[in-house]
1. Search region 131-152 for residues that are within 14 Å of Arg252 (Cβ to Cβ) and crowded, with 22+ Cβ neighbours inside 10 Å and pair each with any residue that is of a type in the set (Val, Ile, Thr) and at pLDDT below 95 when their beta-carbon atoms are under 8 Å apart and the residues are at least 6 apart or on different chains.
2. So which of Arg85, Arg72, Arg58 ends up being over 23 Å from Leu195 (Cβ atoms), at pLDDT 95 or above, open to solvent by less than 40 Å² (accessible area, probe 1.4 Å) and basic (Lys, Arg)?
3. Given the structure, is Thr34 under 19 Å from Arg138 (Cα atoms), modelled with pLDDT of 95 or more and under 16 Å from the mean Cα position of the chain (by Cα)?
4. Just give me the residues in region 7-16 being at pLDDT 95 or above and either open to solvent by 10 Å² or more (accessible area, probe 1.4 Å) or over 13 Å from the mean Cα position of the chain (by Cα) (or both), in sequence order.
5. Tell me which residues, restricted to region 21-54, are buried (at least 18 other Cβ atoms within 10 Å of the Cβ) and assigned to a loop (DSSP other than H, G, I, E, B).
6. Restricting region 251-272 to residues that are part of a helix (DSSP H, G or I) and charged (D, E, K, R), which is farthest from the chain's Cα centre (by Cα)?
7. For Glu234, are the conditions met, namely being open to solvent by 70 Å² or more (accessible area, probe 1.4 Å) and not in a helix (DSSP H, G or I)?
Amino acid sequence: MKEAKLRDRVILITGASSGIGEATARHLAGEGATVVLAARRRERLQHLAEEIAASGGRALAIPTDITVDADRRHLVEHTLHTHGRIDALINNAGYGQRGPIECVPIEAIRQNFETNLFSLIALTQLVIPILRTQGRGRIVNVSSVAGRIARPFSAVYDATKHALEAISDGLRGELAPFGIHVIVIEPGFIRTEFLHVAQDVSRSVLERAEPYAPFIADLDRWYERWQRWAGRPEAVAAVIRRALTDEPPRPRYAVPGHAHLLLALKRWFPESLFDRLLRQQMGLARHLSSS
């Protein structure tokens, strides 16, 4: 049975060509929503839109580079021209930058913030007046457990998500009087292309990080072991659907089970103990000096 609250709602999804965004588009379209798909990969977007249409859903594919102002404006204007409104924005686009802070070029850090944070804010600024005029709407920001727990060799990406959490919290208070809900989704390890993309993007940095090579190798092995615990993007899509339909929605939703566990440990353990536990679990504890 389709979710009545989503039937005919117009929902804009960035990063919709793969992973969480793709799964969310399928899930929400299956619940009766009209999904607007935004990402850079034109062919994959079109294929997804056609697949949704063949299943009886409604989808509009708009190829978009979220870091380009003209593309963001075209995305919003085309959506309004076609559907007349926007009921929800799901900010899902983003990628991971890996590497020790010492070795990541400052321009690579700026680019990660540009994609994961600044472009997201700029798109949200375009959508807010529409939601405010309508007197209702939801903004769902896909963060990460990394938005609350920073890890060695992922601090740049994690910082973008920490900042997204702060922006979301401030925005929630600003928009509440207008009937607009702002919700954060905090996925843990999810089985998507994310790690492979992060590895490709970061390859030149990791190859130049010679002093850190043994630690990075241990970390790579840890990531491989963690794959068995990884959740599926469909599980995140189901949680996003809850964020769009709960009355009222919670400020944050974590998924899957290990995400809840990690956040609970972070909340309740002393910081020094949690840091030691994190390094130990990531295989880095054996490198610590005993002095």
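1. Nothing qualifies.
2. Working: Arg85 fails: open to solvent by less than 40 Å² (accessible area, probe 1.4 Å); Arg58 fails: open to solvent by less than 40 Å² (accessible area, probe 1.4 Å).
Exactly one of Arg85, Arg72, Arg58 is over 23 Å from Leu195 (Cβ atoms), at pLDDT 95 or above, open to solvent by less than 40 Å² (accessible area, probe 1.4 Å) and basic (Lys, Arg), namely Arg72.
3. Values: under 19 Å from Arg138 (Cα atoms): yes; modelled with pLDDT of 95 or more: yes; under 16 Å from the mean Cα position of the chain (by Cα): no.
In short, no.
4. Going residue by residue through region 7-16, those that are at pLDDT 95 or above are 9-16.
Selection gives Arg9, Val10, Ile11, Leu12, Gly15.
5. Hits for region 21-54 are Glu31, Gly32, Ala33.
6. Step one: of region 251-272, the residues part of a helix (DSSP H, G or I) are 257-268, 271-272.
Within this subset, residues satisfying the condition of being charged (D, E, K, R) are 266-267, 271.
Details: Lys266: 20, Arg267: 22, Glu271: 26 Å.
Filtering region 251-272 for residues that are part of a helix (DSSP H, G or I) and charged (D, E, K, R), the one farthest from the chain's Cα centre (by Cα) comes out as Glu271.
7. Numbers: open to solvent by 70 Å² or more (accessible area, probe 1.4 Å): yes; not in a helix (DSSP H, G or I): no.
Answer is no for this residue.
Residue by residue, here is whether (1) among the aliphatic types (A, V, I, L, M); (2) outside any loop (DSSP other than H, G, I, E, B); (3) open to solvent by 80 Å² or more (accessible area, probe 1.4 Å); (4) modelled with pLDDT under 90 holds:
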| residue | (1), (2), (3), (4) |
| --- | --- |
| Val182 | yes, yes, no, no |
| Phe215 | no, yes, no, yes |
| Arg221 | no, yes, yes, yes |
| Arg242 | no, yes, yes, no |
| Glu247 | no, no, yes, no |
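The values are calculated or read from the model by the stated rules, or taken from the named source; none is laboratory data. Remember, it's a predicted structure, so these values are computed and weren't measured experimentally. All Cβ positions, glycine included, derive from the backbone under ideal geometry; neighbour counts span all protein chains shown. What goes into the accessible areas is simple: the full protein's heavy atoms, side chains included, and nothing from ligands, DNA or RNA. Shrake-Rupley method; radii C 1.70, N 1.55, O 1.52, S 1.80 Å.
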